[in-house]
1. Do we find a residue being buried (at least 21 other Cβ atoms within 10 Å of the Cβ), more than 15 Å from ligand 1 (Cβ to nearest atom) and part of a loop (DSSP other than H, G, I, E, B) anywhere in segment 88-97?
2. Could you check, for segment 238-251, whether at least one of its residues is surrounded by 17 or more Cβ atoms within 10 Å (Cβ to Cβ), more than 24 Å from N72 (Cβ to Cβ) and at pLDDT 80 or above?
3. Limited to segment 135-156, what total is found for residues that are of a type in the set (S, T, Y) and closer than 25 Å to A86 by Cβ?
4. Hey, can you tell me all the residues within segment 210-231 that are open to solvent by 40 Å² or more (accessible area, probe 1.4 Å), more than 16 Å from ligand 1 (Cβ to nearest atom) and either over 13 Å from the mean Cα position of the chain (by Cα) or among the β-branched types (V, I, T) (or both)?
5. When segment 115-133 is examined, which residues are found to be open to solvent by 50 Å² or more (accessible area, probe 1.4 Å) and among the acidic types (D, E)?
6. From the list F11, F20, which one is open to solvent by less than 10 Å² (accessible area, probe 1.4 Å) and within 15 Å of ligand 2 (Cβ to nearest atom)?
7. Between a first residue in segment 1-18 that is closer than 21 Å to A86 by Cα and a second residue that is among the basic types (K, R) and surrounded by fewer than 21 Cβ atoms within 10 Å (Cβ to Cβ), which pairs have beta carbons less than 7 Å apart while being 6 or more apart in sequence or on different chains?
8. Applying the selection to segment 134-161, what residues are open to solvent by less than 50 Å² (accessible area, probe 1.4 Å) and aromatic (F, W, Y)?
Amino acid sequence: MKTLCLVVPCFNEQDVLPMFYDEMLRVISTLSGAYATELVFVNDGSRDGTLSVLKQLAVKDPSVKYISFSRNFGKEAAMLAGMQYAVKADLIGILDADLQHSPDLIPEMIRYIEEEGYDVAAAKRSDREGESRFKSMLSDSFYRVINRISDIEISESAQDFRVMRQSVVKAILSMPEHIRFSKGIFTWVGFNVKWIEHKNRERAAGATKWSLKGLMRYAVDGILGFTSTPLRFSFFFAALFACGTLGDLIWALARRLTHPELPMAVPMICAAVFFAACVILLCIGLLGEYLARVYTEVKDRPTYIIAETNAHRPAFVSPELPEIDKI
Ligand code: UDP
Ligand code: MG
């Protein structure tokens, strides 16, 4: 029998998990025994009763696995841990715990992979119901910028909600970076992707975990993780500044020759000095951003730390893949 492993990142989801589990059971039963299915919940340092809910589910259902982090490491780390565990399954799925990613779509995703030969079936949001105009505007600008200046093309409406073949997940796990931007990674690895339109649903319970600051950080990580174009801005500004200085000198010289009685334009010189300082600071700031990333990667710290789990399956960790870090 084929195996299907569904990865569910959870952060403070105690209210929604029982509902999620019931819906999942219903969907799994429609797969009519074609797949041995496992649900892998990754508890990303929740401060509510998420872990105890997961433990209760695991007691009554042995196909429920949980991996519980020692603190909140973020959704990216949770997805990574889940995929590292799930990679030996034939098909691996990822979906949110809050039921915004409708489990009903999973059988359709599997059908596209099994019957039409796609490697990935992923959800694309068909509308933006429930999202503020401000968030939509920020998100639009972010995707315009990243698609313009990087080599990858990320669809603004693409979601993490997807089912993938094992080969795709192996490719994703072969990317060793610690600051992970999955939307970029999913696009970067390529493969044959079937996009399925999916209506944005309201969260079933609980609240969103994204703050404006968190979203900004996510956007910066995405851009700096997938392009080094901003580093080249310094060359552009330097060239612009050099031209400006040259023009300024020529103008000052010409004025000196034609009107020797006029004083040199002091305010203009001041402006030029300030401008130069701004350019230099901007370039140093950009270098600093990249340097910070190099520093983080070089430190090679684990992306997450597992405090507790029932997901022990040594056979699932192949030698060429990073092992799940345990304490
Ligand atoms: N999540 C997580 N770690 C975090 C934040 C979120 O594992 O630090 C999980 C969360 O439990 C949910 C999914 O990631 O299953 C999406 O989070 P959320 O619903 O808050 O995001 P939104 O749907 O508002 O973009
Ligand atoms: Mg959500």
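The values are calculated or read from the model by the stated rules, or taken from the named source; none is laboratory data. Predicted model only: the values in this text are computed from it and were never measured. Because the Cβ atoms are built from the backbone with ideal geometry, glycine has one as well, and the counts that use them run over all protein chains shown. These accessible areas exclude ligands, DNA and RNA; they are computed on the full protein's heavy atoms, side chains included. Shrake-Rupley method; radii C 1.70, N 1.55, O 1.52, S 1.80 Å.
1. yes
2. no
3. Going through segment 135-156 one residue at a time, the tally reaches 1.
4. If the condition is that a residue be open to solvent by 40 Å² or more (accessible area, probe 1.4 Å), more than 16 Å from ligand 1 (Cβ to nearest atom) and either over 13 Å from the mean Cα position of the chain (by Cα) or among the β-branched types (V, I, T) (or both), then V220, S228, L231 are the ones that fit.
5. Answer for segment 115-133, where residues must be open to solvent by 50 Å² or more (accessible area, probe 1.4 Å) and among the acidic types (D, E): E115, E116, E129.
6. Criteria check complete, one pass: F20.
7. F11/K209
8. Of everything in segment 134-161, those that are open to solvent by less than 50 Å² (accessible area, probe 1.4 Å) and aromatic (F, W, Y) turn out to be F142, Y143, F161.
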